Amino acid sequence: MDFATGWLGDAYLWVKAFHVIFVIFWMAGLFMLPRFLVYWSQVAPGAPENALWDERCGRLKRIILNPGMIIVWILGLLLGFHLGWPLWLWAKLLVVLGLSGFHGWMIGAARKFAAGERAYTEKTLRLVNEIPSLTTIAIVILVIVKPF
Ligand code: HEM
């Protein structure tokens, strides 16, 4: 298999379609998890609701967030080789790397909450809740407008 420019041939649009489908799933998870953590931060450590939020965040991670991110990356990289890595795509990749870091940070925060730590205040969580929206604006402008 050589990943030369244009290697996807007729499959290019199908790969791009599924890339965007899984982008929507991943973004849905990235919008939901910070919100879950805001509500969880209002629950006292040791209260029975902790187990409920732990289960909700765990399912969101296993069913939507992690599969979504992995498939977006795999299909995105396949598309990147097909297009031959233009400059706008490197900028997009940088922003998506940041978003993937945010994904990991959120999952780490949920793990701390499950251990009874309240590592982040509700105010901080409400603030970071804006990160997925701001990065999505930057990413979609880069990939649709291709400004450079
Ligand atoms: C994980 C790393 C990613 C890589 C390597 C990547 C790469 C690509 C490439 C090469 C294309 C094809 C562009 C074209 O055909 O003109 C594409 C399309 C697209 N990507 Fe990504 N992408 C990634 C993640 C994301 C994320 C996180 C989002 C949204 C938040 C996103 C949104 C889109 C959209 C909306 C399109 C369709 C653009 C069009 O039809 O013109 N991608 N992506």
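Pick out the one residue from Leu93, Leu79, Leu75 that is without any contact (Cβ under 8 Å) to a residue 24 or more places away in the chain, closer than 18 Å to His19 by Cα and surrounded by 13 or more Cβ atoms within 10 Å (Cβ to Cβ).
Leu93
Do you know which of the residues in the stretch 74-99 that are among the β-branched types (Val, Ile, Thr) and over 19 Å from Leu13 (Cα atoms) is farthest from the ligand (Cβ to nearest atom)?
The qualifying residue farthest from the ligand (Cβ to nearest atom) is Val95.
If you check every pair at least six apart or on different chains, which have Cβ atoms under 6 Å apart with a residue in the stretch 124-148 that is more than 10 Å from the ligand (Cβ to nearest atom) and hydrophobic (A, V, I, L, M, F, W, C) first and a residue that is open to solvent by less than 30 Å² (accessible area, probe 1.4 Å) and assigned to a helix (DSSP H, G or I) second?
Correct list of pairs: Leu125/Pro34; Leu125/Leu37; Leu125/Val38; Val128/Pro34; Ile131/Phe102; Phe148/Trp88.
Taking the stretch 33-58, which residues are open to solvent by less than 80 Å² (accessible area, probe 1.4 Å) and closer than 19 Å to Glu130 by Cβ?
Across the stretch 33-58, the qualifying residues are Leu33, Pro34, Arg35, Phe36, Leu37, Val38, Trp40, Ser41.
Among the residues of the stretch 1-32 satisfying the criterion of being farther than 30 Å from Lys123 by Cβ, assigned to a helix (DSSP H, G or I) and open to solvent by 60 Å² or more (accessible area, probe 1.4 Å), which is farthest from the ligand (Cβ to nearest atom)?
Applying the filter and picking the extreme gives Asp10.
The values are calculated or read from the model by the stated rules, or taken from the named source; none is laboratory data. Everything quoted here is computed from the prediction, not taken from an experiment. Please note: Cβ atoms are built from the backbone with ideal geometry, for glycine as well, and neighbour counts cover all protein chains shown. SASA here: full protein model, heavy atoms, side chains in, ligands and nucleic acids out. Shrake-Rupley method; radii C 1.70, N 1.55, O 1.52, S 1.80 Å.
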